[in-house]
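Since every read-out is calculated from the coordinates, none of them should be taken as a lab result. Owing to the predicted nature of the structure, the values given are computational and were not obtained by experimental measurement. Methodologically, a virtual Cβ is constructed for each residue, glycine included, from the backbone with ideal geometry; neighbour enumeration extends over all protein chains shown.
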Amino acid sequence: MSTRAPTERIEIDLRAREKRVYDRLRASVVTREPGGRAGLRDLLLFLPDMVVLLLRLARDPRVPAGAKAVAMLGIGYALSPIDILPELLFGPIGFLDDLLIATAAISYIVNHVHPDLVRAHWPGPGDVLDAVKRVLAWSEGLVGKTLSRLIGLREKT
């Protein structure tokens, strides 16, 4: 008789996507061929996709309370009119801080729940974990270069 450690079982209701209003709305705005690349509309819907993902994770009973609190903070910041970069002053660039906060919140949650649970709630195209990784890598590079310039450090050549 083998002694195997109990594995965590994740149940995903694939029919739940049929019931979601946001998914139907998104599908009417963005029409993609299977295997096609993401277009401008997908890019414009990236932040709303992130906020919807956070909302779905906050409502999921399988997500721990601490991760739900982080999700609610991410949603609150994205929807709040008080920002580090206000959209009214900076235009589209003003959405960058919202995107970075939402991405950081999702990154935190991914470390506390099963990745497939996060993937099951993702309304956008492609893999959410890949998207989060790319945004975080881009933001680390941007913030690192900006801080280096601000404090006077220069890259060695």
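What's the extension gain from Leu47 to Ala137 if we count 0.36 nm per residue and subtract their Cα-Cα distance? Working shown, then result.
Working: separation 90, 0.36 × 90 = 32.40 nm, distance 1.68 nm.
That works out to 30.7 nm of additional length.
May I ask you to evaluate 6.51 cos²θ - 1.76 cosθ + 1.60, the Karplus curve with θ = phi - 60°, for each residue of region 121-136 and list the ³J(HN,Hα) values in order in whole Hz, giving x for glycine and proline?
Along region 121-136, the couplings run 8, 5, x, x, x, x, 8, 4, 5, 5, 4, 5, 4, 5, 5, 5 Hz.
Could you check the spin-label model distance between Leu25 and Leu88? Points 7 Å from the Cα along Cα→Cβ, value in nm.
2.3 nm
For the pair Lys145 and Asp60, what calculated FRET efficiency results from E = 1/(1 + (r/R0)^6), where r is the Cβ-Cβ distance and R0 = 41 Å, to the nearest 0.05? Don't jump to the answer; show the numbers that get you there.
Values: r = 37 Å, r/R0 = 0.89.
Given R0 = 41 Å and the Cβ-Cβ separation, E is 0.65.
Excluding Asp98 itself, what net charge comes from residues whose Cβ is under 9 Å from its Cβ, given Lys and Arg +1 and Asp and Glu -1? Spell out each step's value before the answer.
Numbers: positive: none; negative: Asp83, Glu87, Asp97.
Surrounding charge for Asp98 is -3.
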